[in-house]
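Novice: Following this message is one structure expressed as structure tokens.
The values are calculated or read from the model by the stated rules, or taken from the named source; none is laboratory data. Since this is a predicted model, take the numbers as computed values, not measurements. Cβ coordinates were reconstructed from backbone atoms using ideal geometry, including for glycine residues, and neighbour counts include every protein chain displayed.
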């Protein structure tokens, strides 16, 4: 069975520094994979390559039979990949509902004429977009629903902004959602909630999820598989236990001091 | 495979390539047509180039103001053209007073010095006031807010000076010592143009020394790298920004007097708009935020503007080519921003700065 | 504390002084002194002069308030009445600054440089000019330099004190006084307009004579205005309520057939008047039926019927055909409809009165009308709409030619502003060269329709050319949009500014002279016709502009709330994220430019047909700045804001011709001040500033702090 997303020898070169260095990676449909690694390991760069933010220098990214490299971000979203950002990036001066409705943008096709004359087809599409958006928001219960629908995104609390960002990604009707540190800046209770949310997203909504995460409790709780990166390379892969005990991973997190001492000794 | 290729085909990129080739072809065609027709001799070209150098050095001085401010605040001080106008226009009155008292005829060099002091002082005051009143309160606003403020301030300054000094056009007095011409290689060159060019170069050298060597200059560079870190290092960021505006003002004031020397006519409250736009072009051309870039960009723009209409446009058979001189700079700005937004000397700007 | 307040007063006074001297030397005081606010008593120039002292005193008090109530303080302290002394200090300093100016003017000749430092300014400052001789003799301290200077200081001090006191008043009273003063100034400014609009036979003449005299308000008019404004502002909150009440009584008590009949009679009468104006004669029929004696409220049915039968039987004089031949019939029909309507209204009022009396006699509260809320709301909406439409249709007839001309200009800018609002407000692309699209619209209309043989040649009619013009300008929008696609906001602004200038250079150049006429422009652009109706003159063009405004408003409002509008909004907020969320930003940028361009083209096309001749000089950067300025003043992205902004920035200065010299100064200042003080504009685009906005974030911060301290606690304990 082909993988849902697969990267082959993917390379990104930032002026001599290989942020992503010939990375082979894959994720299958229905999987939750965590991407871990110290800061600067190239995780976010990898996301940016998949979503078309940066052009890749070499390699391949295959998604659902399409080669993604060279496509614009909006085309990649249309194919079914959505993402959230490490630093929350909402459309601040739009309402919560509108934020998610923008996510539905790529599933609609009406243009200026439709908007001005509003034929039945336009109305039906608009109603559908609205309904879908409300559905995504309903996933978060009352936190983003009800009277909040018409509030500006910038009026939300930090945790709710993260939730809204996830709702917006869900709104694109993607197959694969890339989450960049969804628990960053959250308190322990909210982090726990996010972890259970990620599981629910797969189990109830059928999304495949690739998540960058630093909180090992979350990683342990949600992942089917963990991939560890350092210096743009994949250094380990497998179940949480395997990866957590991998010496390369420990080394990456704790630094090379031990190795250097070994070298000094020899 | 074909479908993939089609998905990757970008109309925008394609059109931009066509545009690029088209522009280069037009320039080459126009230039070769003119040169082959032999309408102008080598001495004509030399005169034009020297005139362009003088004009360009004035652009460069103004452009430095844009570039310095941009380097530090990442904002376009749209009203900088008016800073230039303020100094130039005010110094005109000093020049007239000194002329009518006969001082100008007796001590022309001292007069020029006095004019420089007046002009630079006024421009500096205007620049500093702008920063304090219009820009500082908006330091953390979204990017377009200070730009809109700057546009508003530009109009306020234009019409304030029109109200203060009147709406007519005035002319600087002429200086006899700058009047003559030199013959170089068969081409006649106006002395005043050479003087202007050299003075501008001197000023730029002083500026370069200031930014590279002095403590204030170093803190300016530190602030332009990262405001927060610079503040943590004990640099008074607000003071550095004020100094930056002041330096921009000083240079613009000097540019005002130099402009009055080689092109005495057309002094009015609206004289700053077009030079401002062109100096901005020059700053972008050289790579905005880059000091040598602004100098180079200004001089390049001046020379190209001087020879461009005759060299390219006439060759293309466009009548009244000199009427389009002002349009050349703008067209150049557009092409630079499309094809090489980082300018001649600029390195690729990081995500945040770009 | 007192010391710092004193320092504050001195500083504010110095600011006030600088501001006043600035106004003097820029020439505003002198230019505006020719315009009376209250005839013979105070000119606009003096008003501004003294207003600065008043405002200085007011602002000083505001600063004192801030000084004694720092931001973090919980309990608010009110400034005390004795603090007004500091406002007086500010006033004194302002006055002293003026005295220094007077002394300088007296001793030195600075006019060589500062053209406005004139003898007239000197006299104005000493209050010896701009007031009637009787007023001069009434002024305190008599004549002469020293007396004048003393007067300046005393006046400024008093005004500073008044300004400070004003701040201390309770908000409702303060607002009514400030509005009263503003109203006096406004009515004084509008005196010329009012003379045209009101000073004609009929009831309006009496009103005009009551409050105006000469070129400004009369003194009694000023008092009446002040009192009336204060009264109205105090009563203001009851007005919407009573409006609802009247409507509820009417809907409940008047039988439906009467209401429908009355409304249709009114519509017939109004529409016939419109037809009369557009098709028959260039004059509006008077507002009331033109029966002899009706105006003197000597209503006599016989008179009217006589007049009507005269009209109906009048010989058909005109043979021009069309509507003109039916003039007598139309006028008769108008009169008939009006008379019937008046009768109906009188009858209904009588009916309602009877019902009211019955009600109060029966004293049964339950029987008072209370129609279902939904029905009431619908009725209210209908009535408001009806009145609104009627007002829009009849404004040009009521106000006359010159104000209609102003309305036409405002309308052209409303259309342009709505188009620019798509580009700037919705899509977030700061376009400073918007005039280019206006120009392309005007020039393509001119070239396509002109009957001048030297350019063009298509000689189409306005309506034949309009679709072409829109298409051409839309393409121009794409052409401008394409190269700037990849540019960042501020570069985009400057480049579009450059495009605007290039458009003008090209129109001026010899290169395009054969096509565009060079500096002489294009002449002989024909007028606009619809059927037999020729849209000449501002009162008729008004209707055309009105329709374009409504269409543009409709289009932009619908776009704003649609898939396209949301895509633009996402792009405005964060271009990269919009792209990642599936918005093809390239296409939507181009679309925004094209839509903005084609809306501007309509404005340009009407502009060309209106003037009949266009020159490149009409299309300078000031047009772009005005359009942008009205967006900023109204609130970027807000559609009603565009209308408000256009009235404030185009309408007001058009009415005050003396302002034209300082127009751009005001625009610039308005842009700077709006950005500094109220970046969301006068009528912000909806939904901002929710009350809950702060709350959740505050709560959030609070929780964060709690969580952090908890974490810190557990760390230290562990």
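Rundown of residues vs (1) closer than 17 Å to residue B:319 by Cα; (2) more than 7 Å from chain B (Cβ to nearest Cβ); (3) at pLDDT 85 or above; (4) out of contact with any strand residue (DSSP E or B) (no Cβ under 7 Å at 6 or more places or on another chain), yes/no style:
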{"position": "C:483", "(1), (2), (3), (4)": "no, no, no, yes"}
{"position": "C:488", "(1), (2), (3), (4)": "no, no, no, yes"}
{"position": "C:492", "(1), (2), (3), (4)": "no, yes, yes, yes"}
{"position": "C:509", "(1), (2), (3), (4)": "yes, no, no, yes"}
{"position": "C:512", "(1), (2), (3), (4)": "yes, yes, no, yes"}
{"position": "C:517", "(1), (2), (3), (4)": "yes, yes, no, yes"}
{"position": "C:521", "(1), (2), (3), (4)": "no, yes, no, no"}
{"position": "C:526", "(1), (2), (3), (4)": "no, yes, no, yes"}
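Novice: Residues that are in contact with a strand residue (DSSP E or B) (Cβ under 7 Å, 6 or more places away or on another chain): find the helices (runs of 4 or more DSSP H) completely inside segment B:1-112 holding 3 or more of those.
Specialist: Filter on segment B:1-112 gives B:42-73, B:80-100.
Novice: Can we say residue A:181 is touching a residue at least 40 places away in the same chain (Cβ under 8 Å) and in contact with a strand residue (DSSP E or B) (Cβ under 6 Å, 6 or more places away or on another chain)?
Specialist: Working: touching a residue at least 40 places away in the same chain (Cβ under 8 Å): yes; in contact with a strand residue (DSSP E or B) (Cβ under 6 Å, 6 or more places away or on another chain): yes.
Judged against the criteria, residue A:181 is a match.
Novice: Just a yes or no: is a residue in segment B:204-220 closer than 20 Å to residue B:118 by Cα and free of Cβ contacts under 8 Å to residues at least 24 places away in the same chain?
Specialist: Yes, segment B:204-220 contains at least one residue that is closer than 20 Å to residue B:118 by Cα and free of Cβ contacts under 8 Å to residues at least 24 places away in the same chain.
Novice: So, in segment C:566-575, of the ones that are within 7 Å of chain A (Cβ to nearest Cβ) and surrounded by fewer than 24 Cβ atoms within 10 Å (Cβ to Cβ), which residue ends up nearest to residue A:51 (Cα to Cα)?
Specialist: Taking the candidates together, the pick is C:574.
Novice: Do we find a residue being surrounded by fewer than 17 Cβ atoms within 10 Å (Cβ to Cβ), out of contact with any strand residue (DSSP E or B) (no Cβ under 8 Å at 6 or more places or on another chain), away from chain C (no Cβ under 14 Å) and modelled with pLDDT under 85 anywhere in segment B:185-208?
Specialist: Yes, segment B:185-208 has at least one match.
Novice: Kindly indicate the residue of segment C:113-146 that is modelled with pLDDT under 80 and either under 26 Å from residue B:167 (Cβ atoms) or not in a loop (DSSP other than H, G, I, E, B) (or both) and also nearest to the chain's Cα centre (by Cα) among those meeting that condition.
Specialist: Restricting to residues being modelled with pLDDT under 80 and either under 26 Å from residue B:167 (Cβ atoms) or not in a loop (DSSP other than H, G, I, E, B) (or both), the top hit is C:130.
Novice: Quick one: in segment C:599-628, which of the residues that are within 16 Å of residue C:426 (Cα to Cα) and within 14 Å of another protein chain (Cβ to nearest Cβ) is farthest from the chain's Cα centre (by Cα)?
Specialist: C:599
Novice: Could you figure out which of (1) in contact (Cβ under 8 Å) with a residue 40 or more places away in the chain; (2) surrounded by fewer than 23 Cβ atoms within 10 Å (Cβ to Cβ); (3) in contact with a strand residue (DSSP E or B) (Cβ under 9 Å, 6 or more places away or on another chain) isn't true of residue A:84?
Specialist: The one condition residue A:84 does not meet is (2).
Novice: Is there a residue being at pLDDT 85 or above, outside any loop (DSSP other than H, G, I, E, B), within 28 Å of residue B:320 (Cβ to Cβ) and within 14 Å of another protein chain (Cβ to nearest Cβ) anywhere in segment C:436-453?
Specialist: Checked against the condition, which is being at pLDDT 85 or above, outside any loop (DSSP other than H, G, I, E, B), within 28 Å of residue B:320 (Cβ to Cβ) and within 14 Å of another protein chain (Cβ to nearest Cβ), segment C:436-453 yields at least one hit.
Novice: Let me confirm something: among C:95, C:27, C:57, which residue is within 14 Å of chain B (Cβ to nearest Cβ), touching a helix residue (DSSP H, G or I) at 6+ places or on another chain (Cβ under 9 Å) and either at pLDDT 85 or above or surrounded by 17 or more Cβ atoms within 10 Å (Cβ to Cβ) (or both)?
Specialist: C:27
Novice: Considering only residues that are within 13 Å of chain C (Cβ to nearest Cβ) and either surrounded by 24 or more Cβ atoms within 10 Å (Cβ to Cβ) or assigned to a loop (DSSP other than H, G, I, E, B) (or both), which ones fall in segment B:276-286?
Specialist: If the condition is that a residue be within 13 Å of chain C (Cβ to nearest Cβ) and either surrounded by 24 or more Cβ atoms within 10 Å (Cβ to Cβ) or assigned to a loop (DSSP other than H, G, I, E, B) (or both), then B:276, B:278, B:279, B:280, B:281, B:282, B:283, B:284, B:285 are the ones that fit.
Novice: Out of the residues in segment B:133-181 meeting the condition of being more than 12 Å from chain C (Cβ to nearest Cβ) and assigned to a helix (DSSP H, G or I), tell me which one is surrounded by the most Cβ atoms within 10 Å (Cβ to Cβ).
Specialist: B:178
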